[in-house]
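**Q** A single structure is presented below for examination.
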Amino acid sequence: MVGILNPLYDAVSWIIVQFHSFYSLIFDKDSGWAWGLSIVSLVVLIRICLIPLFVKQIKSTRNMQALQPKMKAIQERYKNDKQRQSEEMMKLYKETGTNPLSSCLPILAQSPFFFALYHVLSNIAKGHEVGVIHANLVDSAKNAHIFGAPLAAKFLDSATKVESLGATQTNVRIVTVIMILMMSASQFYTQRQLMTKNVDMTVKTPFMQQQKMLMYVFPVIFAVMGINFPVGVLVYWLTTNVWTMGQQMFVIRRNPTPGSLAFQQRQERLRAKGKLVEPPEEVAAKEAVEVARANRTQPKRQPKSKRQTTPTGTGAGGGAAGGTGGGGAPRAGGGAPRAGAPKAGAPKASGGSAGTGRTGGGTKQGGAPGKQGGSPGKQSGGKSKPTNLSKKK
């Protein structure tokens, strides 16, 4: 196995040596800056080479997003048969040429370089030559420190071994713990950013469950394994996590997945700047809504005094009651007219009596409220007129 990976060890060591030669022109060749920046530059070079895989990862994510309505239909159809549901999902992936594991391609592609760097630094810590890093470079890299911690030191190294590298165990553990926490936090934030901003969470699919699981699993894995990594490897992995986070933020902001929260935010930004060209039918629909909203009139609210002063029995209902009282009962104005009472043909007194809804006659007291009775009282009085005339005759 070691023989198979020897070309990769040679390649990684050669790249580090070339960058170290460049940074030695700026910093001390034995300093942690020269060797640390060489590792960072190795990460940047590898990530630039992996950009095509990152683009493929984005396309796969978009395809998964487009397939979500069909996935939801499969879930609803076979919700009681998990095996059939999984079979239909795999059939859909095959028909559309979508690979749910494409999101892991950048990580998988980096793994050989990660293990090669781990092997190189481990040999440096032991004082062994590796690849193109010969004896003099091994001593230089072995004595290089980053914030007081040697590049080849680990969290679990004994105090004696750390002292042989020219440092203290306390410094090594403090630096490694801080870097492990930063590495795990950056990994978690990167995955969470993808889940909350660039994915539609309303549809539950195996892809969504996979991404959610990775969001919690990867930080834990890095935290547990980080105590076994040399400081130089922690520098490598922290750098690649920061690169991934920045690269993803750029892509999500500039080219988000349609239907995601980031897509809505981008549309709002473009609309505010006047750069968003919306379809004509959408513009017409929005204008129609605005016109309808502008022309809509709210009913006027009546004062409290007007809503409560209308007495019971007035209005239409009161008028009907008044009409019955005015033309019916013998004690009411339906009998012989009293002295001083208005004539039967005059609708005013009859309307007044009907308007109040009382059964009393046509006195002045009855007539005065009758004026408030409204038109229905007058109609009632008018209907009672023939009855009174017939009785009078």
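The values are calculated or read from the model by the stated rules, or taken from the named source; none is laboratory data. Predicted model, so just to flag it, every value in this text is computed and none were measured. Cβ placement follows ideal geometry from the backbone for every residue including glycine, while neighbour counts extend to all protein chains displayed. Accessible surface areas use protein heavy atoms only, side chains included; no ligands, DNA or RNA. Shrake-Rupley method; radii C 1.70, N 1.55, O 1.52, S 1.80 Å.
**Q** Given points 7 Å out from each Cα along the Cα-Cβ axis, report the Ala73 to Val177 separation in nanometres with one decimal.
**A** Calculated label separation equals 5.6 nm.
**Q** Order 230-238, 163-171, 117-125 from most to least packed using the mean count of other Cβ atoms within 10 Å.
**A** Working: 230-238: 25.3, 163-171: 15.1, 117-125: 22.7.
With the highest mean Cβ count within 10 Å placed first, the list reads 230-238, 117-125, 163-171.
**Q** Sort Thr190, Thr96 by heavy-atom solvent-accessible area, probe 1.4 angstrom, most to least.
**A** Values: Thr190 10, Thr96 60 Å².
Most to least solvent-accessible, the answer reads Thr96, Thr190.
**Q** Also, I was wondering about something else. Using a Förster distance of 35 Å, how high is the FRET efficiency between Asp28 and Arg254, based on the Cβ-Cβ distance and rounded to 0.05? Could the numbers behind the result be given before it?
**A** Numbers: r = 40 Å, r/R0 = 1.15.
For Asp28 and Arg254, the calculated efficiency is 0.30.
**Q** Could you work out how far apart the two model spin labels at Met195 and Val217 are, taking each label as a point 7 Å from the Cα in the direction of the beta carbon, and quote it in nm?
**A** Those two pseudo-labels are separated by 1.3 nm.
**Q** Give the ranking of Val220, Val40 by solvent-accessible surface, highest area first, calculated with a 1.4 Å probe.
**A** Details: Val220 85, Val40 45 Å².
Ranking Val220, Val40 by accessible area, largest first, yields Val220, Val40.
**Q** Here's something else I'd like to know. I want to check the label-to-label distance for Asn136 and Lys56. Put each point 7 Å from Cα in the C-beta direction and report it in nm to one decimal.
**A** The two pseudo-label positions are separated by 4.2 nm.
**Q** Please sort 133-139, 75-81, 149-155 by packing, taking for each peptide the average over its residues of neighbouring beta carbons within 10 angstrom, highest first.
**A** On the way: 133-139: 15.4, 75-81: 11.6, 149-155: 26.1.
The packing order, highest mean first, is 149-155, 133-139, 75-81.
**Q** Subtracting the Cα-Cα distance from 0.36 nm times the residue separation, let me have the gained length for Val224 to Arg293 in nm, one decimal.
**A** Working it through step by step, the gained length comes to 18.9 nm.
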